[in-house]
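What follows is a set of notes on a single structure, which appears directly below.
The values are calculated or read from the model by the stated rules, or taken from the named source; none is laboratory data. From a predicted model like this one, the values you see are computed outputs, not experimental measurements. So basically every Cβ, Gly included, is an ideal-geometry build from the backbone, and we count neighbours across all protein chains shown.
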Amino acid sequence: MADKNDKDSKLVGLLAQFDDPDSLISACNEARLAGYKAMDAYSPFPVHGIDPAIGIQRSLLPFLVFCVGFGACFAGLGMQYYTNAADWSPIFPGYAFKISGKPLFSFPANIPVTFEIIVLSSAFATFLGMWGLNKLPMFSNPLHRISRFKRATNDKFFLMIETKDENFNRSETESQLNQWGAVAIEECRQDLTDNQLPSWVRLVGLLGVFLLMLPPVMIFRNMGMTSRSPRLHVVPDMDWQHKEKTQVLSPVMENGEYLFTDERAMRKPVDGSIARGQLEVDSEMYRGVKKDYKAAANSAKTNARLVSASIEDKEDAPVEPDQADQAEDVSMWMTQFPEGVTVDQAFVERGQQRFNIYCSACHGYDGNGNGLVNQRAMALGANGQAQWTAAKSMHDATVKDDSKNPLGRIFDTITNGRNTMGPYGAQIPAEDRWAIVAYVKALQETGIQPATASTETDGADEEKQTDADGGSDKEEKTS
Amino acid sequence: MASVNPAIDIDNTNEEPGTRAPLVLGGLDYAGVTETVCAPWEAENPPKIWWLILAAALSLLLVLGGCVNHLLMKGVGVWGNNNPAYWGWPIVNFVFWVGIGHAGTLISAILFLFRQNWRTSINRAAEAMTIFAVVCAGLFPGIHIGRVWVFYWLFPIPTEHLAMWPNFRSPLLWDVFAVSTYATVSILFWYMGMVPDIATFRDRCKSKIGKIAYGILSLGWTGSARNWHRYEIAYTILAALATPLVLSVHTIVSFDFAVSQLPGWHTTIFPPYFVAGAIFSGFAAVVTLLVPARALYGLQNLITLRHLENMNKIIMATGMMVGTAYGIEFFIAWYSGVPNEQFAFINRAFGNFWWAYWIMVTCNVVIPQLFWFKWCRTTPWFMVIVCIFVNIGMWFERFVITITSLCRDFIPSSWAYFHPTGIDIMMLIGSFGLFTTLFLLFCRFLPVIAMAEVKSIMPHGDDHH
């Protein structure tokens, strides 16, 4: 340092060495009394009693940590409330779910996590706050260039009086320091020629930043794009599991034969087994067939439904057990709603809602048979691109005629399908199917008709809402 | 400069009324402390035995890696966990390691707040041990969750597609927060405490890479009085934060059990009992590590017999607390009048896992009683043996709690016996490899003793603390 030209370096301060903490403290006291303010002591361990000697004010750190911890308390509670007890969603939806009968939000259950969050945030505040207030990390410090100073982290004690101080005077300060017992005094100079970062540091830094930016840029780019290739499966074992899925061929054994002789991977339930809650013995409720109608026929039908084995042998033939029944005997069908079903406004509204979901695609919202699917299919059919039987209108004479098409039969149409219409029994629970029936009857009463429909409607002038009521009332009357 | 490594044990365990027993022996001055701590680090090559242990530890680590890989490929079925013992060895190992991981922060935080100056020469190593034990502990629940690659679902990270959050009312989630907070705060505390000593390494380092590495790690520390002022405040705050934290961690771990309904788990004594057990096993682990380390590195003047004796006293005290808890459990089971509880405890002691129970009682309650004899608690090789038994006992304590209760739940038809698989055993052994590897690397590259703190408690002209 000393041989450096004065132009190339700037004096920062005078560094005095002491051999033990006590002489350091007394020197600091002297310096403070001599009016120096811009000074600092350096020691290998915290020397007690030095703070007042140098005139160090108590740090703000505890206050800072308190504020952060206090805030974290509310942040922690708020986070738990938002994620577990609220279901509104400014950005990410909360998820209010009941579990183990515990309340969504209760203090005792939320204390542990709140506590941990307070501790964690306060610890970070302490750690980062301490370094921040100390202006560390700071790697360029003229002190580190003084070889004597290396012992500040070992066994020696230093006092530096900086040139910044208004009382600083090169020679006078030196003699004062000598007087206060300094063992050695050295100039601390900042090298002005060397205050640029080496150029490779910048290069490496830039390169590093660039490389670090790549992954997030790629991720954001892909998030905003659509792609035709399948999604990446990093760990595939959940997506492709070692199991046979429904509707696939039976696994093949080593000898080339199917493991299951019927060649399917799915196993059928044991004959006669009934899934929990699906006994459905009440024929009126679940099949729309009168209770007292020929018990024999009924039970045969029940069995046909339950004992799938015999039917499934001739898989290719679609099962339409109703065809025959219908041709033979309309008297089997219920002409009124089954017990346990109360037809009121709410029930019909439920029916309307279900109808709009399940039926309107083909039959249209007004039941005219002009739903979107139907329109499109008819258009395709017109130029020979599809085969389609027009969805029937609910106002069609045969559909509407209570003697030909009683309530139970409509229920059956929904449950098992009819002719080219598919079954909806699997999708729609029985109560909802009855609600749809009620709504269909209500629709028929409204008189919203296709041009070709018959005119035999009463109450056509009434409003639709009241019609729904009137319609269902009428049902009860007819039944 | 004082001569380095006299490497003999000086007996400083006798109390002389009116005087403070010295904590640094051999007439070391400040430079002597630095020399003693830095000598093994500055040595050209670490001692042969270091390499030997490292080789052994690395092979165990390899075993662990192989097992974890096997587990990830095959699924958790490779463990002995069964129905009803859904929590098998992974949870036992987890609680065991977390327990060990309590001593470090306890020594550095609680003993700091109580102004126990003797902590200064052991706290650094104990904190390191804490962190490495928590690493081992974190491993087990980490791989126990099945789909390890979505481990981040444990944390409340907002996702667009999942639209779900962790259940903050579950003790298992409290555990996630407790252990990860504990690990983070311990690392902050450890690192912050180490910065002044890393600065010492920086100033003594000869190799270029070392200069850069220690230079960056020491953040440009100068030892300025203004820095020390804030540093000490920060250290006190961190200690004050870590004290309730360290008590909360094993409390919350015990909630994993205590909040459930299972007989033998559903008790309010668990939190204090777990914490006492954690301190017990943690101190035993510190002694087990430090006795060989001080011999190897010639640190007898800094980690003196008095330090070891103090720790042994704590081990004996906490051991008796744990023993009392075992007794109280039986009393409460009887006093509660609940037949299920009574059965659970009789089954522990005399059921088909009786052997585990009595290993536990022997190791944890009977063997530490040897420390009543001064010779036993001041003879290094002997106390290591006792401490190893203590940790065997503490492992069995967690085994007994977890397995006996699970194997005898409410429905007798689901009762079963638990058999660990080879993978279970190899993972437990392998985790010691992970722990030892990390500890050996720490001993080689970082300051094993908090030099600055030791110097600050050394007597000089005016001794006021």
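Residue by residue, here is whether (1) within 24 Å of B:Val150 (Cα to Cα); (2) touching a Ser or Thr at 6+ places or on another chain (Cβ under 9 Å); (3) among the small types (Gly, Ala, Ser); (4) within 14 Å of chain B (Cβ to nearest Cβ) holds:
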{"position": "A:Val204", "(1), (2), (3), (4)": "no, no, no, yes"}
{"position": "A:Arg221", "(1), (2), (3), (4)": "yes, no, no, no"}
{"position": "A:Ser229", "(1), (2), (3), (4)": "yes, no, yes, no"}
{"position": "A:Met238", "(1), (2), (3), (4)": "yes, no, no, yes"}
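Of all residues in segment A:41-83, those satisfying the criterion of being of a type in the set (Val, Ile, Thr) and either farther than 20 Å from A:Ala125 by Cα or not assigned by TED's automatic domain parsing to the domain that holds A:Phe115 (or both) are A:Val47, A:Ile50, A:Ile54, A:Ile56, A:Thr83. Among helices (runs of 4 or more DSSP H) entirely within segment A:368-448, having at least 3 residues that are at pLDDT 90 or above and within 42 Å of the chain's Cα centre (by Cα) singles out A:372-382, A:407-416, A:430-446. Could you list, in sequence order, all residues of segment B:80-100 that are surrounded by fewer than 20 Cβ atoms within 10 Å (Cβ to Cβ) and at pLDDT 90 or above? Correct list: B:Gly80 only. The set of residues in segment A:105-130 that are part of a helix (DSSP H, G or I), more than 7 Å from chain B (Cβ to nearest Cβ) and either over 17 Å from B:Leu245 (Cα atoms) or touching a Lys or Arg at 6+ places or on another chain (Cβ under 9 Å) (or both) comprises A:Phe107, A:Pro108, A:Leu128, A:Gly129. Count of segment A:207-254 residues, restricted to those that are among the polar types (S, T, N, Q), more than 21 Å from A:Arg267 (Cα to Cα) and more than 23 Å from the chain's Cα centre (by Cα), is 1. Return a yes/no flag: does segment A:173-182 have any residue that is on the phi < 0 side of the Ramachandran plot and within 55 Å of the chain's Cα centre (by Cα). Among the residues of segment A:173-182, not one is on the phi < 0 side of the Ramachandran plot and within 55 Å of the chain's Cα centre (by Cα), which makes the answer no. Restricting attention to segment A:58-83 and to residues that are buried (at least 21 other Cβ atoms within 10 Å of the Cβ) and facing chain B (nearest Cβ under 7 Å), the residue that is farthest from B:Ala199 (Cα to Cα) turns out to be A:Gln80. Is it true that A:Met213 is in contact (Cβ under 8 Å) with a residue 40 or more places away in the chain and either part of a helix (DSSP H, G or I) or away from chain B (no Cβ under 14 Å) (or both)? Criteria not met by A:Met213.
Taking every residue in segment A:413-428 that is in the same structural domain as A:Gly351 (by TED's automatic domain parsing) and pairing it with any residue that is polar (S, T, N, Q), at least 6 positions away or on another chain, the pairs with Cβ-Cβ distances below 8 Å are A:Asn419/A:Thr389; A:Thr420/A:Thr389; A:Met421/A:Thr413; A:Pro423/A:Thr415; A:Pro423/A:Asn416; A:Tyr424/A:Thr415; A:Gly425/A:Thr415; A:Gly425/A:Asn416. Of all residues in segment A:142-188, those satisfying the criterion of being under 15 Å from A:Met39 (Cα atoms), part of a strand (DSSP E or B) and touching a helix residue (DSSP H, G or I) at 6+ places or on another chain (Cβ under 8 Å) are A:Phe157, A:Phe158, A:Leu159, A:Met160, A:Ile161, A:Ile185, A:Glu186, A:Cys188.
Of all residues in segment A:169-202, those that are basic (Lys, Arg) and not assigned by TED's automatic domain parsing to the domain that holds A:Ala38 total 1. Scanning segment A:84-104 for residues that are more than 9 Å from chain B (Cβ to nearest Cβ) and under 18 Å from B:Leu172 (Cβ atoms) yields A:Lys98, A:Gly101. Residue check: B:Arg169 meets all listed conditions (1) of a type in the set (D, E, K, R); (2) at the interface with chain A (Cβ under 10 Å from one of its Cβ atoms); (3) part of a helix (DSSP H, G or I) but one, namely (3). Is it true that some residue in segment A:84-96 is crowded, with 18+ Cβ neighbours inside 10 Å, at pLDDT 85 or above and either in contact with a Phe, Trp or Tyr (Cβ under 6 Å, 6 or more places away or on another chain) or assigned to a helix (DSSP H, G or I) (or both)? Among the residues of segment A:84-96, at least one is crowded, with 18+ Cβ neighbours inside 10 Å, at pLDDT 85 or above and either in contact with a Phe, Trp or Tyr (Cβ under 6 Å, 6 or more places away or on another chain) or assigned to a helix (DSSP H, G or I) (or both), which makes the answer yes. The residue that is surrounded by the most Cβ atoms within 10 Å (Cβ to Cβ), counting only those in segment A:132-157 that are without any contact (Cβ under 8 Å) to a residue 24 or more places away in the chain and facing chain B (nearest Cβ under 7 Å), is A:Asn134.
Scanning segment A:29-57 for residues that are outside any loop (DSSP other than H, G, I, E, B) and either out of contact with any strand residue (DSSP E or B) (no Cβ under 7 Å at 6 or more places or on another chain) or more than 8 Å from every other protein chain (Cβ to nearest Cβ) (or both) returns A:Asn29, A:Glu30, A:Ala31, A:Arg32, A:Leu33, A:Met39, A:Asp51, A:Pro52, A:Ala53. B:Asn352 meets all of the listed conditions (1) assigned to a helix (DSSP H, G or I); (2) farther than 19 Å from B:Ala325 by Cα but one, namely (1). Which one is surrounded by the most Cβ atoms within 10 Å (Cβ to Cβ), of the residues in segment B:369-410 that are in contact (Cβ under 8 Å) with a residue 40 or more places away in the chain and in a loop (DSSP other than H, G, I, E, B)? Filtering segment B:369-410 for residues that are in contact (Cβ under 8 Å) with a residue 40 or more places away in the chain and in a loop (DSSP other than H, G, I, E, B), the one surrounded by the most Cβ atoms within 10 Å (Cβ to Cβ) comes out as B:Arg408. Scanning segment B:175-220 for residues that are touching an Asp or Glu at 6+ places or on another chain (Cβ under 8 Å), hydrophobic (A, V, I, L, M, F, W, C), at the interface with another protein chain (Cβ under 8 Å from one of its Cβ atoms) and under 25 Å from B:Ser456 (Cα atoms) yields a count of 1. Residues considered: B:Thr243, B:Thr318, B:Thr236, B:Thr251. Of these, the only one that is within 14 Å of chain A (Cβ to nearest Cβ), under 18 Å from the mean Cα position of the chain (by Cα) and under 26 Å from B:Arg20 (Cβ atoms) is B:Thr243.
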